[in-house]
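The next block holds one structure in the form of structure tokens; read it before the comments.
The values are calculated or read from the model by the stated rules, or taken from the named source; none is laboratory data. Predicted model, so just to flag it, every value in this text is computed and none were measured. Cβ placement follows ideal geometry from the backbone for every residue including glycine, while neighbour counts extend to all protein chains displayed. What goes into the accessible areas is simple: the full protein's heavy atoms, side chains included, and nothing from ligands, DNA or RNA. Shrake-Rupley method; radii C 1.70, N 1.55, O 1.52, S 1.80 Å.
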Amino acid sequence: QLPASGGGLVQPGGSLTLSCAASGSIFGINVMGWYRQAPGKQRELVATITSGGVLNYADSVKGRFAISRDSAKNTVYLRMNSLKPEDTAVYYCNADATYSGSYYNYWGHGTLVTVSS
């Protein structure tokens, strides 16, 4: 329902853009975002964007990453610049939705980003 793409191997200082398109079966999306989980660490927030365009970033990525959203396509993007080895992780797409009075939270399967020379 939330397939992510765009991961891969990149050298330090390089850039990647991740994308995630919510399937047509998900309605009433409010917040979309990206989380990541590095080996041996807990999953952490990277960035989120609300339906109204309010942005939130982890301190570790501020100024380097940019999240954006195409609400008409239910798609969220993460542009990652100046990548560092510590950005290496599996990146997961997430969506919060409210539909028919119920709250739903969706996770994608993740895409691996490896930053290494």
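Mean-square fluctuations from a GNM of the chain, with a 10 angstrom spring cutoff on Cα atoms, peak among D96, D70, D87 at D70. Sparsely packed loop sites in the stretch 26-84 (the chymotrypsin sites (Phe, Trp or Tyr not before Pro) outside DSSP H, G, I, E and B with at most 16 other Cβ atoms within 10 Å) comprise F27. A straight Cα-to-Cα reach below 20 Å connects K41 with the aspartates and glutamates D59, E86, D87, residues fewer than 8 places away in its own chain not being considered. Accessible area per residue for the chain, computed on protein heavy atoms with a 1.4 Å probe, is 52 Å². Rounded to the nearest Hz, the phi-derived 3J(HN,Hα) couplings of the stretch 55-70 under the Karplus curve 6.51 cos²θ - 1.76 cosθ + 1.60 (θ = phi - 60°) are 9, 9, 10, 5, 4, 5, 10, 4, x, 10, 9, 9, 9, 8, 8, 10, where x marks glycine and proline. Residues whose amide H comes within less than 5 Å of that of K84, counting only those at least five positions distant or on another chain, are G13 (H built at 1.01 Å from N in the peptide plane).
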